[in-house]
């Protein structure tokens, strides 16, 4: 696939404004008590905090259905299921809504599920890389190719430094802990991303990609002997 396609995907903003076409999903804006009211928080950071809070609410209220969602292949059925989860959880939307790129929401769901099932435990990995190609509807479509490129990148980063990847997912957005973890991971980006023109990943996209990769790899690690693990 062309690197330009991946670059275009990565450059897309996490939060879409209400005036844009309604292609995003409705999520809570800034629920009272869920987003710290401190100086210096960017709109992207507040958006990440809000969508992570919403995803945690989904996992807490609909764990079985969320598990069913993540078992679906990436594609149209997954989009439909995610929409159904949102509709069924009006209480998670009680504080107002905004629109967010559905891939960012997808990543937040994987992050919330990862934290619920693994917490701060070390990220133990299988000797084999998770077969992402088996979990996409159409690997030859542009969206399928972008998904696989991102997941291969995320898996490579997670497997290169499981501890830093875990710390990044555990950290509050835009915190010192996140900055430290990101610093450790950044040295792996070049070798993990496909050769060609480099794309800039926003923290929203990076978090979404690493969350799904970490969850998938952790699940595979639990199913078989762990050959690679993060430091305790």
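Observations, loosely collected:
- Taking label points 7 Å from Cα along the Cα-to-Cβ direction, residue 192 and residue 175 give a separation of 2.0 nm.
- Potential lengthening of the chain between residue 200 and residue 184 amounts to 4.1 nm, from the contour at 0.36 nm per residue minus the alpha-carbon distance.
- Note on the stretch 110-197: Kirkwood radius taken over Cα pairs, Stokes-Einstein applied at 4 °C and 1.567 mPa s, translational D equal to 91 µm² s⁻¹.
Bear in mind these aren't lab numbers, they're just calculated from the coordinates by the rules spelled out. Since the structure is predicted, the reported quantities are computational estimates derived from the model, not experimental observations. Cβ: placed from backbone, ideal geometry, glycine included. Neighbour counts: every protein chain shown.
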